[in-house]
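Input: a single structure, listed below in structure tokens.
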There are 2 protein chains.
Amino acid sequence: MALLEPSKHSQGSVLGGVNPDLASERQTASFSVEKLTACLDGGEENTRQRRAVVEAIERDPAFSRENQYFQSQNERYEAAVRKAVHLQKKMHEMGWTETGPEFKYIYRAVSGDIAFLLHRIFIRSISMLGSDKQIDKWIPLATQHKLIGSYAQTELGHGTYLQGLETTAVFDSTTQEFILNTPKISAMKWWPGDMGRSATHTVVFAQLYTNGQCYGVHPFIVQIRSLRDHSLCPGITAGDIGPKMNFEHVDNGYLMLQNVRVPRENMLNRFCEVQPDGTYVRQGSQKINYFTMTTVRISLISDEVIMPLMKACTIAIRYSVVRRQSKLKPGEQEAKILDYQTQQEKLLPQLAAAYAFHFINNYLQELFNRGYREIQKNNFETLPELHAFSSGFKAMVTQYSTSAVQICLQACGGHGYSSLSGLPFLYTKIIASCIYEGENTILLLQTARFLIKCLRAASTGQPVPPSVTYLAAVKPGKCPAKNKLEFLSPKIYTEAYQHMAARLVSSAAAKLQDLIQSGVKKHDAWNQCTVQLAQAAKAHCHYITVKNFAETVEKLKTEAGIRRIMKHLCDLFALHGIFSNAGVFLHDGYISGAQMDMITASYLDLLAVIRKDAVPLVDAFDFTDKSLNSALGSYDGQVYQRLYEWAQKSPTNKQMSPAYEMYLKPLLHNTQSKL
Amino acid sequence: MALLEPSKHSQGSVLGGVNPDLASERQTASFSVEKLTACLDGGEENTRQRRAVVEAIERDPAFSRENQYFQSQNERYEAAVRKAVHLQKKMHEMGWTETGPEFKYIYRAVSGDIAFLLHRIFIRSISMLGSDKQIDKWIPLATQHKLIGSYAQTELGHGTYLQGLETTAVFDSTTQEFILNTPKISAMKWWPGDMGRSATHTVVFAQLYTNGQCYGVHPFIVQIRSLRDHSLCPGITAGDIGPKMNFEHVDNGYLMLQNVRVPRENMLNRFCEVQPDGTYVRQGSQKINYFTMTTVRISLISDEVIMPLMKACTIAIRYSVVRRQSKLKPGEQEAKILDYQTQQEKLLPQLAAAYAFHFINNYLQELFNRGYREIQKNNFETLPELHAFSSGFKAMVTQYSTSAVQICLQACGGHGYSSLSGLPFLYTKIIASCIYEGENTILLLQTARFLIKCLRAASTGQPVPPSVTYLAAVKPGKCPAKNKLEFLSPKIYTEAYQHMAARLVSSAAAKLQDLIQSGVKKHDAWNQCTVQLAQAAKAHCHYITVKNFAETVEKLKTEAGIRRIMKHLCDLFALHGIFSNAGVFLHDGYISGAQMDMITASYLDLLAVIRKDAVPLVDAFDFTDKSLNSALGSYDGQVYQRLYEWAQKSPTNKQMSPAYEMYLKPLLHNTQSKL
């Protein structure tokens, strides 16, 4: 428990104890916060290990984020490089290894602002796509940092559509080299991280030409900067793409290639090779490549999406019991803003979503671990399902969480808009997750394609994965619940979600088929259904998330208090989803208007119930003050003091602005050139 | 037409002509863009005047925004002060006055990044709340810039709830002074613009105490900085509140007062006065004060909300016909992304909303001008309606437009996330409009309170304003439309909106009454209904917006092509609203599931129709490249070249980062202290 003591959480400022308005919220917790934390971590031992990593990192001033909100793009980049280099030292010092149990907590502990993430992708891509010989040559160089790698796939003109990449690599058999070129401006590599200023090498994806024929996109190792003095290599034009909404710590770069020659051995050739005479030979299966993208999508959900959402909930909910504004009843003290129903309705569904996504993430991890074991046995059967899951859930969870963080920010009013709240930073970062690793709409349509296929298969009696057997079982019907309490039954609401998802998938499929039968060409027909297909895919993921939450709560082995509050959160997540998407449930009469009123009543009742445990529920996420880096969200709730203290550190308060001597003084003293 | 020529629009860079993919979109316009522009401006003469102002400002390098995305908070503040001072000179030079026809175009022309907006509020508040004697003393000083004013209302602990302000002003009759104090940290003034670094004076709102009694919040003129050297006055602590999500050009400030004495004459006393012996006298009506807040809310909608929304639509739609990605049909050229239904469904409803909000803004302006004329005749009858309108529409339009700009940003994929697209800047600025000048939820509840009152009045036969007579007329019924084409009738969809709004207001009212009758105390009952009350208020505003759009189109006196496309946009705005809020229309069976399918079909059909005119429709907004300041949205569509050109100007590319010598070189050369 020591780590939860306020003293360990403070930023070293001289402040009072815990704000009594926040302290009182903790005294009435209906469950053990410490046990819920252990539950989220997957056991007490994990909690202990995580806290030890966090403490070691946060105690080290090299990892401080104290000035983060005041830094320029240049300063954030420099800090990220410094931390990445220092982390190597730290890991050595602490005895942490990349395969050890501590490793997965390091990223959480440094809170993401660190360089060389693309260096890791460089290593991973060589390990997966390179031959044993290539691995033996490059991996030691990379892991010992004798070079810094990047991964140059995206171009100015192409992101999602990889087949459209325009960079070329032409094989020259006379010199046994590939000649790489950027034939036009849209072919310039654009966005690769670690490439704008740091990398010495990169994996370049280019259209391979040999013996006058194009064989599609292949990866090539290209050196871009001198290992001696970091100057650009001949034929290379590279730099930083400039300011972004966030991610200013990353040197996302551009790269232009003019007749850059690399030896034949630099094409990664585990799966295909250009022989000395220019003959192209493909070997083995490329299916496994999809699996890499799939695992990346799943692995980012936890660190880049759920973690920020949990932080935003922590900040907004703690602030909402410290902030008092206006009166609920005349003559009384001003009320905590979390006592207003509208504030509860903003924040508590986001809190429930954070738990829902934590549990669905566990489910996905397990699914993928199982799938990976199968794939290692050369059984690729589950690949389509895994791909559909990773696409759909990446899209749903990132979009939902982005909105949720935005709601948290806006729910904090003006102070939420201050960078010192930490919320603008969380928001501008999480919104990128909707775009990177696959644009969400395109991902949803991939999931939809899978669902349509499964529906057709199931309808004709062919086997489909268990997760989608429900699709063929949809029939008209009505929800049997008769009063608002019955809507707190997981069976009732899970079935409603299932019915709704199956209806949306089958009606999109029906529209598609009607169009094709009426003579519309297949691709036009698909395009004309995409709005509804994307909606159906989202509905499927929403259903699975609700179902998984309910099943997880059912199976929870922990104290009754935790099981009770988790059940409430599950109910809230489910009913909020029905309340906010009422149309798709009412559409075919499965839920009636009268039932929707019952759902609304149950939903609003739940807000008041969960509100009582709101602070303990965010305390259980167990973020330190340093990791929240928020003047509004600290453990002690000394919000106003901290805003004041932090504001004084702003560079805008360091000295009188030159604007005074240059503009204000002449204006006030009327000494400027005649107005 | 000269101003629409690409050459005038370019940023002076050496680029090719108009991208053919963008040029082709303009050749097929179904209407005259120039005539639509005149229509939006309210006549050709206005268009001419606006362009002249924009040209004069943009030609002057002092107003350049070229480096805006690379600037630090300090630099943005300095530029804003420089521009504000220079603007005085410019106005003199051009012969523009504050009451002239050009004045309203200046803010659009400088694109908002300018100081001294609070100096204006300082002047306005003295003009409204000060006595003639006070006006005679202070207004000349302010207009001649012998002082710089600010407006210190909001405190760390209080924003919306003005009665809760904690700053005190105690009258001392022995010296005939008020003694101002900040009794605790939460009472510190926080957020006032122009106050952190610029202002010499400010209007401080404080609880007035005289003869041992508190008389509530009153305004006092307080000098905070020396007119000689800008140093803080005795008893004053002030500074900048630090970084924000945007608005970094404004020196939002903090202010602490310790026994600061101001003469009795410094309390603004048009409506109330403290006499020399400390007697408090109230005179006249304070009702007019509400009207100030009301007009501010309405006046911000155009410049701070609709303008950025129109810019975001312009950027995203132009980019979406230049960006080609993936293939609609195998074997064909890659498709423009605006040809995908999902992209149309993202952007075109936002375009329709921009037009809808432009027209509702005209309607509100007219309503307020009429109301103001009445008020000048001492007729305060329309005040409640005007207040309810200004609150509800401010909330609805800011929230809707904020989401719309976010959708535009995300619809541009990775490049939308780059600051150089201009979209992050527009988004982080517009989101603040949901908070300032009244937090949206609180505003909606004020509108709801008005609607409930009107419903009760109307039900008992009392007179209510024409805009709300519909509330009492709700009866069960069904929408009569029989096929998808009938849903393109404004009568059909306007009635559906009316029915839905009336139902939501009356069912919230019924719930409120039921609770009170069942013994719940009035204030608790109100709180328990607020989620539904806010929803009802939003529905009312949505209905009025649809109705006004339809009526405006009906009355449009312009060429047939414009009337046709405006009708399509009106239909799209209305049907998109039903599609996205299906639940509230289906709830009581007014719209059936089968009818919802017709609505969906009509809605999706409209997307394909409007898509053809999408570029001309944003061209008609008539933004220059300089005002868009976007690498993605320029008139010539040379997106990739411009991204590349602009990125090279980034400070991250000015020199090799010190991170190389400090961290990367030692790492690569293995000369750092032992790993």
Screening A:LEU409, A:LEU451 for residues that are at pLDDT 95 or above, surrounded by 23 or more Cβ atoms within 10 Å (Cβ to Cβ) and within 11 Å of another protein chain (Cβ to nearest Cβ) leaves only A:LEU409
Can you list residue pairs whose Cβ atoms sit under 6 Å apart, with the first residue in region B:492-505 being in the same structural domain as B:ILE578 (by the TED database) and the second being assigned to a helix (DSSP H, G or I) and among the charged types (D, E, K, R)? Count only pairs 6 or more apart in sequence or on different chains. B:ILE492/B:GLU486; B:THR494/B:LYS547
Residue count for region B:295-315, restricted to those that are buried (at least 21 other Cβ atoms within 10 Å of the Cβ) and small (Gly, Ala, Ser): 1
B:GLN325 passes all but one of the listed conditions (1) modelled with pLDDT of 95 or more; (2) not assigned by the TED database to the domain that holds B:ASP613; the exception is number (2)
When every residue in region A:107-143 that is under 29 Å from A:THR624 (Cβ atoms) and among the small types (Gly, Ala, Ser) is compared, the one surrounded by the most Cβ atoms within 10 Å (Cβ to Cβ) is A:ALA115
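Matching residues to (1) within 14 Å of another protein chain (Cβ to nearest Cβ); (2) farther than 30 Å from B:GLY159 by Cα; (3) without any contact (Cβ under 8 Å) to a residue 60 or more places away in the chain:
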residue: A:PHE359; (1), (2), (3): no, yes, no
residue: A:ARG370; (1), (2), (3): no, yes, yes
residue: A:GLY392; (1), (2), (3): no, yes, no
residue: A:THR402; (1), (2), (3): yes, no, yes
residue: A:LEU423; (1), (2), (3): yes, no, no
residue: A:THR428; (1), (2), (3): yes, no, no
Restricting attention to region A:507-529, does a residue exist that is in the same structural domain as A:LEU386 (by the TED database), in a loop (DSSP other than H, G, I, E, B), in contact (Cβ under 8 Å) with a residue 12 or more places away in the chain and on the phi < 0 side of the Ramachandran plot? yes
Out of region B:127-145, which residues are under 25 Å from the mean Cα position of the chain (by Cα) and at pLDDT 95 or above? none
Can you find a residue in region B:284-291 that is of a type in the set (D, E, K, R), touching a residue at least 60 places away in the same chain (Cβ under 8 Å) and within 30 Å of B:ILE106 (Cβ to Cβ)? no
Please find, within region B:195-214, the residue that is nearest to A:GLY414 (Cα to Cα) out of those that are over 34 Å from the mean Cα position of the chain (by Cα) and not hydrophobic (A, V, I, L, M, F, W, C). B:TYR209
Being acidic (Asp, Glu), farther than 30 Å from B:ALA647 by Cα and not in a helix (DSSP H, G or I) narrows it down to one of B:ASP588, B:ASP605, B:ASP597, so name that one. B:ASP588
Does B:LEU664 satisfy being buried (at least 22 other Cβ atoms within 10 Å of the Cβ) and either free of Cβ contacts under 8 Å to residues at least 12 places away in the same chain or farther than 26 Å from B:LEU36 by Cβ (or both)? yes
Do any helices (runs of 4 or more DSSP H) lying entirely in region B:1-91 carry at least 2 residues that are surrounded by 15 or more Cβ atoms within 10 Å (Cβ to Cβ) and at pLDDT below 95, and which ones are they? B:6-9
Unmet requirement for A:ALA388, which otherwise passes all of (1) within 14 Å of another protein chain (Cβ to nearest Cβ); (2) touching a Phe, Trp or Tyr at 6+ places or on another chain (Cβ under 6 Å); (3) crowded, with 19+ Cβ neighbours inside 10 Å: (1)
Tell me whether region B:107-115 contains one or more residues that are farther than 25 Å from B:GLN207 by Cα and facing chain A (nearest Cβ under 10 Å). yes
Those residues that are farther than 24 Å from B:ALA80 by Cβ and among the β-branched types (Val, Ile, Thr), I need them from region B:173-220; list them, please. B:THR174, B:THR175, B:ILE179, B:THR182, B:ILE185, B:THR210, B:VAL217
Expected single match for under 30 Å from A:HIS158 (Cβ atoms) and either within 12 Å of chain B (Cβ to nearest Cβ) or among the polar types (S, T, N, Q) (or both) among A:GLN446, A:GLN498, A:GLN517 is A:GLN446
Read through the list (1) assigned to a helix (DSSP H, G or I); (2) buried (at least 22 other Cβ atoms within 10 Å of the Cβ); (3) of a type in the set (S, T, N, Q), then give the number of the only condition that B:SER634 fails. (1)
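Each row is one residue, and each column tells you yes or no for (1) more than 30 Å from the chain's Cα centre (by Cα); (2) touching a residue at least 40 places away in the same chain (Cβ under 8 Å).
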position	(1), (2)
A:SER173	yes, yes
A:PHE178	yes, yes
A:PRO183	yes, no
A:GLY193	no, yes
Could you tell me which of the residues A:GLN655, A:GLN648, A:GLN638 is farther than 26 Å from B:ASN74 by Cβ and within 14 Å of chain B (Cβ to nearest Cβ)? A:GLN638
Going by the structure shown, is A:GLN528 away from chain B (no Cβ under 11 Å) and surrounded by fewer than 23 Cβ atoms within 10 Å (Cβ to Cβ)? no
Against the definition (closer than 26 Å to B:LEU556 by Cβ, assigned by the TED database to the domain that holds B:ILE452, touching a residue at least 40 places away in the same chain (Cβ under 8 Å) and surrounded by fewer than 20 Cβ atoms within 10 Å (Cβ to Cβ)), how does B:TYR363 come out, yes or no? yes
In region B:479-491, the residues that are of a type in the set (S, T, N, Q) and in contact (Cβ under 8 Å) with a residue 60 or more places away in the chain: B:ASN483
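Looking at region B:74-101, which of its residues are in contact (Cβ under 8 Å) with a residue 60 or more places away in the chain, more than 7 Å from chain A (Cβ to nearest Cβ) and either touching a Gly at 6+ places or on another chain (Cβ under 6 Å) or not basic (Lys, Arg) (or both)? Walk me through how you get there before you give the answer.
Step one: filter region B:74-101 for residues in contact (Cβ under 8 Å) with a residue 60 or more places away in the chain, giving B:76-77, B:79-81.
So of that shortlist, the ones also more than 7 Å from chain A (Cβ to nearest Cβ) come out as B:76, B:79-80.
Answer for region B:74-101, where residues must be in contact (Cβ under 8 Å) with a residue 60 or more places away in the chain, more than 7 Å from chain A (Cβ to nearest Cβ) and either touching a Gly at 6+ places or on another chain (Cβ under 6 Å) or not basic (Lys, Arg) (or both): B:ALA79, B:ALA80.
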State whether one or more residues within region B:546-569 are farther than 22 Å from A:SER592 by Cα, within 14 Å of another protein chain (Cβ to nearest Cβ) and touching a residue at least 60 places away in the same chain (Cβ under 8 Å). no
Within region A:480-523, count every residue that is β-branched (Val, Ile, Thr) and under 29 Å from the mean Cα position of the chain (by Cα). 2
Tally of residues being at pLDDT 95 or above and either part of a helix (DSSP H, G or I) or exposed (fewer than 12 other Cβ atoms within 10 Å of the Cβ) (or both) across region B:472-495: 14
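Sort out which residues of region B:239-269 are of a type in the set (A, V, I, L, M, F, W, C), farther than 24 Å from A:LEU409 by Cα and more than 10 Å from chain A (Cβ to nearest Cβ), and write them in order of number.
Residues satisfying the conditions are B:LEU255, B:LEU257, B:VAL260, B:VAL262, B:MET267, B:LEU268.
The values are calculated or read from the model by the stated rules, or taken from the named source; none is laboratory data. Because the structure is a prediction, the values reported are computed rather than measured. Glycine also receives a Cβ, built like all others from the backbone with ideal geometry; neighbour counts cover every protein chain displayed.
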